[in-house]
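Visitor: Below: one structure in structure tokens.
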């Protein structure tokens, strides 16, 4: 690394951060990518890890491998804990201060439990690989514990899954859990019938997949119901405890509650000491820089940007990727002294959401697709966008195999599983 | 499950336990398989998970899937904590007592640290999937921390791997770590050269792979040294601390120590309250039953059996499988009232050990193979023996891909990684 080159620090190696790094590949700068993890995570398929269809390695690629051939890029496994805008340095957990000339904050979002401190442990969200393997462990253990339980009420509670929030993650999880319970596991137990498992999708608002046109939302509900998912609309959750949820209109006894509701931006506004917009995001200038700091940019889920149709841009991969590309090019132009591109403009690439084994919805504005055609399109798009050839082949193989057999490739209960399983069961015995 | 049928309880779903269950498929009995995990683990490939070549799901198959079509078999996720031979019941952690008419104990072995209570946390062994992902996390973090370290001594310590014990696991781990450091990671870092990593295989005895003929041991040492592994023979370890090991003849500074030395049987003798043979094993009768208890059998690593050539049978998969098959058939005959087979006789199927990317040794008694031919044979045998088609295809695909690219499919640092990484680095900074 040459010390005389301008130093671009990128925090976060998600879709936005990696795209920014790549856009700077030929620029006369040193690029430093800082991430808490050693891998880039393909978040759109995270729900498949949580439902035992894919392995963690299928949807994650080491950042060092992604940037291996980009000689001006350095990767640091570290966590940002603060920013010193005056001294132009990022503070990290390891204790080093990373100096920057340009800073790109692509730190994404995290789950928002609306101030309920006790909800995260009872209803884990789905943001990281560790979240996904935790949800997988709990879901698979629930079936094991139901198999070992003798009290019918206790058994049904173990077999009840409540998904809070009917956005894309909630809908995908509901469909995948329904398949797991009603097809994959159906012949594997002797004392319980996994097909009696209840998958309940609870949404506070009036419809599922609110980002899609109403007709597509209605199609999604019909698809889910055909798969055996119970959809409860206009049903805000009031409380979550160890035995279930209390919602408007009643109580649901459920051992498995998964949080798919709100997200908020990572605390970028706080780090920068600027006022936060809706959801903790930073309202950035038209060139995605932080007002008052032309050398600091915020992209992806953490940025508040009004889109071409007058609404805020959603927290989706295409938004982050386009913003990363734009900011990378902008910095390259500034460093070279070339004319800079005008303000960032989002190009809508359409939206896709999958529901189950053979159903999805797609909205490209000029055309809307539902059902099997949309599902095939969804599969192709997601495999093409996976970073790294091997993962594509492995995911494709797993999907074909799962499609043919209804099998699941990654039905492992790992971690502190045993203790958790048997102790909670023996605890319940004592209670019963 | 019909309650009037004799009940066969099998504890442990490794190679021996599963083979016993299958041998009872057509017998008029109820089979209950109890295991602490929900999967059967293909232990011979565990070192490939520890060195980031395979994912956990590639070498593990849910026990319920393996036994799905065997209608007389029930699977329980639970842990045996004691046996009541008088009452014919197995005590489990969940608090249930499992009655048996016949009991097969196939509980395997665990690492033996020879009474050093502080060694397991410093030098993890390789027995379970959780062990493998722990070793993978530590090894990958070591390279990350070396990349962030400025002190050359500290950096070299992070890049030094000591493998204690040169049995099959130690030799396989050494070869796989050498490939990881010297090929896979070679272009991924900017501040360190992973090729400077030292892989040191330390053996207390006079040669590696002591179960093989001397000529093959010598071949293995030459193969390892060509791969850059340092082999230290006649070098017992005297102490292990957080910064390395003290061996006879000197001190090795190493952040990574992996225990591949002795194993001991699971505490079956203690549970049964019978005297333990060498290594905690139970010396069983010629029909593998426990002396004084013709209804209790011990098979696999936990059983002490003298083989046809007068030496004790080793703790290998073929031994466990043949014993499981024999005991299953024996019980089926007893239940039906058929004449029982004579005493168990081991049929030697030969032994294989792999060293690296293109070298292995094979000993079939009448023929000995070394090098590439043995390696191809090793690959074919291990893929054929993997349970479940999908795993075979997935492992084969990963191997072909790794072979062509030197890439590793599962280079993920998951779990409490970040904290571990950056905190230990900041701690070292303070010390420095």
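Visitor: I need the full set of residues from region A:335-351 which are surrounded by 14 or more Cβ atoms within 10 Å (Cβ to Cβ) and closer than 17 Å to residue A:298 by Cβ, in order please.
Guide: Listed by number, the residues that qualify are A:344, A:346.
Visitor: Within region B:266-297, can you find the residues that are under 19 Å from the mean Cα position of the chain (by Cα) and on the phi < 0 side of the Ramachandran plot?
Guide: Within region B:266-297, B:266, B:267, B:268, B:281 qualify.
Visitor: Which numbered condition in (1) farther than 24 Å from residue B:45 by Cβ; (2) away from chain A (no Cβ under 14 Å) is the only one that residue B:187 fails?
Guide: (2)
Visitor: Moving on. When residue B:124 is evaluated against the numbered criteria (1) within 30 Å of residue B:239 (Cβ to Cβ); (2) modelled with pLDDT of 95 or more, which criterion, by number, is the only one it fails?
Guide: (2)
Visitor: Name the residues in region A:75-84 that are touching a strand residue (DSSP E or B) at 6+ places or on another chain (Cβ under 6 Å) and closer than 15 Å to residue A:103 by Cβ, would you?
Guide: Listed by number, the residues that qualify are A:76, A:78, A:80, A:81, A:82, A:83.
Visitor: Could you look through region A:194-221, keep only residues that are within 30 Å of residue B:64 (Cα to Cα) and more than 14 Å from every other protein chain (Cβ to nearest Cβ), and pick out the one that is surrounded by the most Cβ atoms within 10 Å (Cβ to Cβ)?
Guide: Here the answer is A:201.
Every residue, every condition in (1) at pLDDT 95 or above; (2) in a strand (DSSP E or B); (3) assigned by TED's automatic domain parsing to the domain that holds residue A:301; (4) on the phi > 0 side of the Ramachandran plot, yes or no:
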residue: A:2; (1), (2), (3), (4): no, no, no, no
residue: A:21; (1), (2), (3), (4): yes, no, yes, no
residue: A:44; (1), (2), (3), (4): no, no, no, no
residue: A:47; (1), (2), (3), (4): no, no, no, no
residue: A:52; (1), (2), (3), (4): no, no, no, yes
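Visitor: When region A:93-106 is examined, which residues are found to be over 22 Å from the mean Cα position of the chain (by Cα) and more than 7 Å from every other protein chain (Cβ to nearest Cβ)?
Guide: Of everything in region A:93-106, those that are over 22 Å from the mean Cα position of the chain (by Cα) and more than 7 Å from every other protein chain (Cβ to nearest Cβ) turn out to be A:96, A:97, A:98, A:99, A:100, A:101, A:102, A:103.
Visitor: If I filter region B:135-144 for residues that are buried (at least 24 other Cβ atoms within 10 Å of the Cβ) and part of a strand (DSSP E or B), do I get at least one hit?
Guide: No.
Residues are listed down the side, and each one gets a yes or a no for (1) part of a helix (DSSP H, G or I); (2) at pLDDT below 85; (3) out of contact with any helix residue (DSSP H, G or I) (no Cβ under 9 Å at 6 or more places or on another chain):
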residue	(1), (2), (3)
A:352	no, no, no
A:373	yes, no, yes
A:380	yes, no, yes
A:387	no, yes, no
A:407	no, yes, no
A:413	no, yes, no
A:420	yes, yes, no
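Visitor: Considering only residues of region A:23-42 that are within 19 Å of residue A:315 (Cβ to Cβ) and assigned to a loop (DSSP other than H, G, I, E, B), which is farthest from the other protein chains (Cβ to nearest Cβ)?
Guide: A:42
Visitor: Hey, another quick one. Among the residues of region A:298-326, how many are out of contact with any helix residue (DSSP H, G or I) (no Cβ under 8 Å at 6 or more places or on another chain) and within 18 Å of residue A:110 (Cβ to Cβ)?
Guide: 2
Visitor: Here's another thing I want to ask about it. Just to verify a result, which residue in region A:61-86, among those that are part of a loop (DSSP other than H, G, I, E, B) and farther than 14 Å from residue A:9 by Cα, is farthest from the chain's Cα centre (by Cα)?
Guide: A:86
Visitor: Select the helices (runs of 4 or more DSSP H) contained entirely in region B:167-279, then report the ones holding at least 2 residues which are in the same structural domain as residue B:88 (by TED's automatic domain parsing) and touching a strand residue (DSSP E or B) at 6+ places or on another chain (Cβ under 7 Å).
Guide: Where helices (runs of 4 or more DSSP H) fall fully within region B:167-279 and carry at least 2 residues being in the same structural domain as residue B:88 (by TED's automatic domain parsing) and touching a strand residue (DSSP E or B) at 6+ places or on another chain (Cβ under 7 Å), they are B:268-272.
Visitor: Which residue pairs have Cβ atoms under 7 Å apart, sit 6 or more places apart or on different chains, and have a first residue in region A:360-381 that is outside the structural domain of residue A:395 (by TED's automatic domain parsing) and a second that is part of a loop (DSSP other than H, G, I, E, B) and buried (at least 20 other Cβ atoms within 10 Å of the Cβ)?
Guide: Matching pairs, first to second residue: none at all.
Visitor: For region B:52-71, which positions are more than 8 Å from chain A (Cβ to nearest Cβ) and in contact (Cβ under 8 Å) with a residue 60 or more places away in the chain?
Guide: Matches in region B:52-71: B:52, B:53, B:54, B:59, B:61, B:66.
Visitor: When you look at residue B:320, is it out of contact with any strand residue (DSSP E or B) (no Cβ under 8 Å at 6 or more places or on another chain) and either under 16 Å from residue B:346 (Cα atoms) or touching a residue at least 12 places away in the same chain (Cβ under 8 Å) (or both), yes or no?
Guide: Details: out of contact with any strand residue (DSSP E or B) (no Cβ under 8 Å at 6 or more places or on another chain): yes; either under 16 Å from residue B:346 (Cα atoms) or touching a residue at least 12 places away in the same chain (Cβ under 8 Å) (or both): yes.
In short, yes.
The values are calculated or read from the model by the stated rules, or taken from the named source; none is laboratory data. Since we're looking at a predicted model, the values are computed, not measured. For neighbour counting, all protein chains shown are included, and Cβ atoms are generated from backbone atoms with ideal geometry for every residue, glycine included.
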